[in-house]
Each structure stands twice: as structure tokens, then as C-alpha cells.
1. Assuming SER274 fulfils every condition listed in (1) outside any helix (DSSP H, G or I); (2) in contact (Cβ under 8 Å) with a residue 24 or more places away in the chain; (3) farther than 26 Å from TYR367 by Cα apart from one, which condition is it?
2. Quick check on my filter: what residues within segment 574-617 are hydrophobic (A, V, I, L, M, F, W, C) and part of a loop (DSSP other than H, G, I, E, B)?
3. Which one of LYS430, LYS498, LYS488, LYS484 is assigned to a loop (DSSP other than H, G, I, E, B), modelled with pLDDT of 95 or more and either more than 18 Å from TYR544 (Cβ to Cβ) or of a type outside the set (Ser, Thr, Tyr) (or both)?
4. Exactly one condition in (1) over 24 Å from LEU292 (Cα atoms); (2) surrounded by fewer than 20 Cβ atoms within 10 Å (Cβ to Cβ); (3) touching a residue at least 60 places away in the same chain (Cβ under 8 Å) is false for LYS683; which is it?
5. Does segment 215-236 contain any residue that is modelled with pLDDT of 95 or more and within 34 Å of the chain's Cα centre (by Cα)?
6. Could you list all residues from segment 737-762 that are at pLDDT 95 or above and among the charged types (D, E, K, R)?
7. Scan segment 340-357 residue by residue and report those that are under 21 Å from ASN96 (Cα atoms) and assigned to a strand (DSSP E or B).
8. Among PHE694, PHE711, PHE659, which is the only one that is more than 18 Å from PRO742 (Cα to Cα) and assigned to a strand (DSSP E or B)?
Amino acid sequence: MKKIALLCAAVLSGAGSFAQLVTQVNDPVEWVNPLMGTDSKVELSNGNTYPAVALPWGMNLWSPQTGKMGNGWAYQYAADKINGFKQTHQPSPWMNDYGAFAIMPTTGKPVFTEHDRASWFSHKAEVSKPYYYSVYLADHDVTTEIAPTERAASFRFTFPATDSANVIVDALDRGSYIKIIPAERKIIGYTTRNSGGVTKNFKSYFVLVFDQPFTATYTYNGKELSASTLELTDNHVGAVVSFKTSRGQQINARVASSYISPEQALTNLQEVGSKSFETVAQNAKAAWNKVLGRVQVQGGSIDQIRTFYSCLYRMLFFPLKMYEVDASGKIVHYSPYTGEVVPGYMFGGTGFWDTFRALYPFLNLMYPSIAKEMQEGLVNDFKEGGYLPEWSAPGFRSVMIGNNSASIVAEAYLKGIRGYDINTLFEALKKDANTEGPMDAVARKGVQYYNELGYVPYDVNINENAARTLEYAYDDYAIYALGKALGKPASEIDIYAKRSQNYKNLFDPEHKLMRGKNKDGKFQAPFNPFKWGDAFTEGNSWHYTWSVFHDINGLIDLMGGKKDFVQMLDSVFVMPPVFDDSYYGTTIHEIREMQIANMGQYAHGNQPIQHMAYLYNYAGEPWKTQYHVREIINRFYRPTPDGYCGDEDNGQTSAWYVFSSLGFYPVTPASDQYVLGAPLFKKAILNLENGKQFTITADANSDANRYVNDFKLNGASYGKNWISHWDVLKGGSLSADMKSTPNKTRGTTATAFPYSFSTDKK
């Protein structure tokens, strides 16, 4: 096969664990495995992903569906049957979907329900690529193929010889509409199904146009099929159209949707237009190669290359475009806040609690044009919704904690993104930082306590209070940093600098850990640092103590100095994975994922601790970062269906891998520094949007040679434990001299340490 030939052509023999090294990647999309992370379930996540066939940041994604309608686990690798191919916008199974409808081919007597139409399938007869999906449906003897555009898709069904070749269109329940137009070989309709975050008038309008006439038509009203009706509106409606086919005959369908109107859905259908299926697929492949090709890696194993590009693929979906291009060529969008159609950009489907950490930093570095569009979308979020979203799916959702839109907004500007209304966004940050929103996860829950006491108390019926305090403190730093960059007066921004130190109010010197504190100023008791939830969010005190992203030196001082700090870091990796799950009343999957990982209390399957391995750089022991980061890379990522060690989460867990394999990571996103680790590949080239290249080399890299003896930046020895965003953007090179033993003299002095607010020369 083509893919196998490509792999063989790119492989060079070597030694050790790097026995087969890939020397060149010409077609990065062919190294992606969209099935990575799909072998998941409620009790245990290996990614909780689905094999999305779509374009980068496309408005619509398509996925085979093995789960029932409304089940967030729409595709599970262990399943035996497929019951449809779903247009989806689902960012996470925990958030579920909106604007979804399903298509399914069958043969024989027309049926409709998921149970009746489902077919056995095998992964051996399944091809999953970012730009193309194909599967053989054994019970119907039909092969389904899908190729995407941003707002449309091309379907191709290969049928056996039959006078009952059927295609089902399921508009799902909770209010839907369907109309068959035989003379135009067309089906139109809408679905209103959603999981929140929309206005009452929300609809996703769809249109399907087939290339052959129907021999029979049926509509479905939630109970039965009818051959006498062409149009229905009800709780759950759908359609079946039939064809007479010879063996191997292909039926093509062009599909598009719109949040705006049926007419706009037809406009969106022009993305496919009269193009053949092959042309749509090849255009989609070219689009993926262009975006994936911004980063070229070589000198790693086949699995490492596949893992890298599979992770990069996962980073390039969310937030999805919600905007559309109208018939006059103008950018417009349906507003999930007002229900109106208004000009401008809009994105939806991401949780900033997850993605502020590494996903958005990577977008700002490598894809600043789309990052700029996202900032313009945030301006519209604020103008239309009155607040900034923290979790959008597609509008406000009351999930998770924090006010991390502050980091998203501040970082983009601090890293040079321009051309949008930053002053409106700054005003939005100040408003959200000083108010409670219309729901718990918008603006700041407990803000009055936080602003008056310097923390959100444990005993005032506000859950996850210590986690809120820590994240609010970082967010206040981000607001201060942005205000300073914008030239705002000290009288306006110094309060945020002061509040950025509020993390200190929860530090318990007895345990050297963060701890919930009551309103009267006394620490919550009894204290179990292994208790998940309660004062913390999906973690325990050992996980959240490190969430002082902007002032690690300040945390080091609280712990008694660098030696004690390093000892605490070391402890995370060696303590047994004990836990207290009493807050939840059950062992949530994040706990189980930590327990079975065999890395002590380190819980890489969730976000709060993912930056922790890089913190040795702040205490003068960067070789420990180099060791632990390589261990995490080697043990927790595979290009396989069980390839993640927890929820992938909209690109964040993938972004950790991509950054870390390049050799650096954004511990403080709202700054201009990346903290150094060690490169995974012998060579990586960043093809920057400004036309420059930044090349990272580690010629002696191997599984044994994981330690950096010395870095050279543009040929000169480089002793710092961080690299500047601006040095990368200038283009140039960073080379790492790799050894099997650590260099314990490099990066050990304070002049080498990364940014901390408390040591910054303001």
C-alpha cells in the first residue's frame, strides 16, 4: 500500500530504541492516526477522541457513530457496529454535541432506527485519515466514503446489486424538520438538538443533493416510516430515499449545513460544488499537509513521528469556526448569545481551563492568522454575550472553573498578535475579573470574597475554592501584564499585580502545600493532601500546589528554598498513587488514570499538573526536567487507539507532547518565554508564518542520550533554561548537544532561571 511504501522509503537503520529512524516526512497527513485515543469509555479515558474527518478549524466535523443518539461516546474503538455517520461539533463527550444529524446507507427493506440500521464493521475494513474516511458495512454490503470541506462534505456509497439501496437522513430528536424534493434529488431539513449554550431559536439547517434520482421516498416521524409524506416537522423526524443499483454502483451525495438559514446551507454547499469526490478528498489532503507541514520533524522512530503528527492533528480542530461566508462574500455568524445573524468572526467548542496552558500558545506561535481570527471572535463573544466565555459549546457553558480567558487574551497580544480590538477585550477582562457571571463558570464565582480576603474561602459553599483562588491569581497576573503592555496607568493595573500574589494566602507551611482556607483565616481541617476535588478541581493538593504559573520563584521561597522545592517535586513521582475519592462518591476516571500509570502522584491524564516537570528549571536542576519529560513522552503517548493517558481535551494534552518533543514548553503562557526541556527528534523545523524558519537539532539524540550537555542558540553557547518567543520568531537555530549523563553545572544559577513575577525587574 501507498502508506507502507512511504514509511519504508523514509526509514533508516540505526541502533538501540531508535533502531528505525525516519529521515524525511514529505506527506505529514499520512502519518496521522485519527483513531488515536478512541479506545475509551466512561470509566477510563485513553483520549476520549473520535476519528474526525474535517478540515483544520472547519465548522463541521464528520465521524462514524457507534453509540446511541445523544451519547457523548459517539465512536468507541471496541464497538462492533456502526449506526450512522454524524455531522458533529462535539468538543468532548462530557460536553456532548450540538447541531448534529446523521446519514446511514442500508440495503433491503427500508428501516430507520439506530438499532435497525446498524451494521457490523471491522477495523480491518476501515480507513481513517484526516481528509478521508471509508468503511465497509457488512450487513448491508455497502462501502461508505467521506471527504470534507469546511462547511460541507462529499459522500460516496458503493452498493451491491439491489432495487433497495437506501440512504437514511436522521435529523435527531428534540425538534427537527425534514423535506424530500424528488425533482431536485434533494433533502433539506434542520435539527435543533443541542446540549446547551444556544438560544431558543437555534437550528442547524442541512441540505443533501444526490447525483441520481430516487426510486422511492419515505419520511419518519419518531414511530414509523411513511411513503405518502415528503415533509414533516416533529420531535424526531428523518427521511429515507432509495435507489436501484447494480453491483459496485456508486451513489454520490453532497452535504452542507448552516446555523443561519437553508439558503446559507446551499451557499455553503458550493464548497463542494461540482467537484468530484476524488477532488474534494485531494483538496482536503492538501489543506492538511499545508497546516501540518508548518512543523517538520525527522530523526525519530516511526511511532514517534506518527504520534507527533497525530497529536498535531488533534490540536487543529477546536475551537471550531462558527462563522460562514454569505452569498456576497461577507463574514457572518449566528450568535449563540442573541440568536441573531451578525457580521464578523465567531468560534466555539473549547474550554480555556484546559487549553490556555499549551494549545493557545502553540496557535499563537505557529498559526497567528487563525489566532487573530479567534481574538476577533472573542470580541464578538463579549459584545453579544456581555462576558467572555470560559467554556464555549458553542456559547456559555457552566463547566470547570477559572477566569482563564484572561490568559487567552493577554498572551495573544503579548506574543505579537495584532489587528483586532484589544482595548475592548481589555475592558472585558476587567469586567469579568470583578463580577460574577450569569452562571458559575462565567466571570468569577466568589469574586467578592477573593477581592476582599485575597482568597475564595472553603466554608462558604463555593466548590473547588482553592483551585479558583490559584487560577484567579494567575489570571490577575495576565491582566496586569496585558495592561502594562498597553500602557495603562499604574492606578488601573497595580491592583491586579497585587492580587496576582493571592496564591500565597493558601500556602500551608506545615505541609508545604496549598490548602483550603476558611473565611475566618484558619486552614480547612482535617487536611488530606490526597483528597481529590473538594478544594481543588479534578486533582488534589499535590497536583494544584504548582499552579503558580507566573511566580514559581515565589513558590520556591514559600517552600523554603530550591532544595526543599526540588524535594517536593521529586516526591510527586515517587509517592504511591493513593487517593481519597470521597468528594465524588466514586472513583472518577481521572483518578483511575493516575492510579494505573505507575508514576506516583503524577497525573498527566489531567491538566493541572502537566507543566510540573518543567519546574526543575526554576530551581537549578534542569536535567531532572529532561529526564521526566522524556519518561512522560515515552510512557504516556502512543499512535494507537489507547494512545493517551486520559482525556485529550481539545488539543491540550496533544499540545504538551508537541511542545515537549520540540524541546520547550510555555509554563507561563502570558509571557514571552518558553521553558527548555530536551528535543525528542534529531531535527525539527518550524516554518513560521512570517516566512522565517527556526531549526532545532539534536544530532546525538537517542533514548539513552536524553540529557542536554549544552544548548547553542544561533551557534553560540546558550546557558539559560528558557528561550524567548521573539528569538524563535526571528528565525535561526537551537542545537542541543545530547549526552547519556546529565550536565549538573549548566542552568544552575539564578541568571539562567525562567521568568517569575517576584524576580522580574519591573
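The values are calculated or read from the model by the stated rules, or taken from the named source; none is laboratory data. What you see is a predicted model, and the numbers here were worked out from it, not measured in a lab. Glycine also receives a Cβ, built like all others from the backbone with ideal geometry; neighbour counts cover every protein chain displayed.
1. Condition not satisfied by SER274: (2).
2. Listed by number, the residues that qualify are MET575, VAL578, PHE579, ILE588, ILE596, ALA597, MET599, ALA603.
3. One residue alone meets the criteria, LYS488.
4. With (1) over 24 Å from LEU292 (Cα atoms); (2) surrounded by fewer than 20 Cβ atoms within 10 Å (Cβ to Cβ); (3) touching a residue at least 60 places away in the same chain (Cβ under 8 Å) applied to LYS683, the lone miss is (1).
5. Scanning segment 215-236 turns up at least one residue that is modelled with pLDDT of 95 or more and within 34 Å of the chain's Cα centre (by Cα).
6. ASP737, LYS739, LYS744, ARG746
7. PHE347, GLY348, THR350, GLY351
8. PHE694
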